[in-house]
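Have a look at the structure below before the remarks.
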Ligand SMILES: *Cc1c(COP(=O)(O)O)cnc(C)c1O
């Protein structure tokens, strides 16, 4: 990558925009538009005094199943538990290996390690940030029990290649779709392609609750039944313990809130995608498209932009420069999992997955939420342009 912006006479004038206050995600702006509906939903649950499972949870499960395009959806306490329960449902145990990406949120590999199974990491593709399907097969061993791709930042991994390798080696695919509800691969909803889809309703996800929540999707009636038993102490009927389960349900209150928000998800996603287009146009206008690497979305994918992650030279200085001017950004993620202390026992070393390691030094996620305005986007892009212009003149 070049390290500074070329001086272009046809660039818009680089004037210092007024001090901005632009959060990475503005949930108050979202709330302002749906306050009344949320209050009604919460009141409905309080009036019923039905807090655990019941009609709101069942309705949300039906609605998510339909939205994702699967037969069954099973609510649980978080996205992390969704990953854990999916593995429990197929009997993952000590010594089993599950292949996943090293460039992801800790819970992806953490859920594997919690069952005493072994996360086997694979490097990412530099263009999509997702697991490199071309390096996947080399990670398969006789102990491989599942493949867990992550649809990072809201972009589907290459599901054709992943499913082909999985079928060839007779292992199921557990999709970590925590960041990608509504994303599609060749028209099919993520979470509907593998044996399981695992979703999170953490407040910063595209469909975020008022706290923690998660959902597992599947087309297999037997697995769906096992998941329902496993999330409720392993009991199909009260006090009859068929399996060793856990307590991991989604609250009726969360379900009622999420049902309201699900009605807006398509329009919020459209807003995120429009903002991604706006960024592309603005960065082009300021001649920054060669200096920065903007998110890539292949033809096969419908990107839902849970994060808008660019690669930027002098990333840390840029982030500080933006922060000093009231613009919040985030580094997802500062370090790949294979070098994190919690996974040191796996024996990986720095240098094992160079694409992920370089990416961690370059990525920066910019505000992309649906309520972000074009004016705000222009302030962000102008400020970035100013940063590189100053750098060039140093
Ligand atoms: C958020 C997230 C999770 C975990 O979801 P929680 O609901 O926070 O437990 C898992 N994997 C990925 C990729 C995530 O982004």
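The values are calculated or read from the model by the stated rules, or taken from the named source; none is laboratory data. Source: prediction; values computed, not measured. No Cβ is skipped: glycine too gets one built from the backbone with ideal geometry, and neighbour counts run over all protein chains shown.
Worth pointing out:
- Residue match in the range 129-140 (condition: under 25 Å from residue 276 (Cα atoms) and more than 13 Å from the ligand (Cβ to nearest atom)): yes
- Scanning the range 182-206 for residues that are away from the ligand (no atom under 11 Å from the Cβ) and either outside the structural domain of residue 61 (by TED's automatic domain parsing) or part of a loop (DSSP other than H, G, I, E, B) (or both) returns 182, 183, 186, 187, 190, 191, 192, 193, 194, 195.
- Count of residues meeting criterion [surrounded by fewer than 24 Cβ atoms within 10 Å (Cβ to Cβ) and not in a helix (DSSP H, G or I)] in the range 140-166: 8
- Residue within the range 253-261 that is under 30 Å from residue 378 (Cα atoms), under 22 Å from the mean Cα position of the chain (by Cα) and not in a loop (DSSP other than H, G, I, E, B) present: yes
- Test: residue in the range 172-189 that is surrounded by fewer than 19 Cβ atoms within 10 Å (Cβ to Cβ) and at positive phi: yes
- Check on residue 325, at pLDDT 95 or above, more than 22 Å from residue 190 (Cβ to Cβ) and surrounded by fewer than 17 Cβ atoms within 10 Å (Cβ to Cβ): no
- Qualifying residue in the range 351-369 (condition: over 20 Å from the mean Cα position of the chain (by Cα) and buried (at least 21 other Cβ atoms within 10 Å of the Cβ)): yes
- Residue in the range 92-105 that is within 12 Å of the ligand (Cβ to nearest atom) and closer than 30 Å to residue 260 by Cβ present: yes
- Summed over the range 221-241, residues that are in a loop (DSSP other than H, G, I, E, B) and either under 24 Å from the mean Cα position of the chain (by Cα) or over 22 Å from residue 88 (Cα atoms) (or both) total 1.
- Scanning the range 208-234 for residues that are surrounded by fewer than 24 Cβ atoms within 10 Å (Cβ to Cβ) and either within 11 Å of the ligand (Cβ to nearest atom) or closer than 28 Å to residue 371 by Cβ (or both) yields 208, 209, 210, 211, 212.
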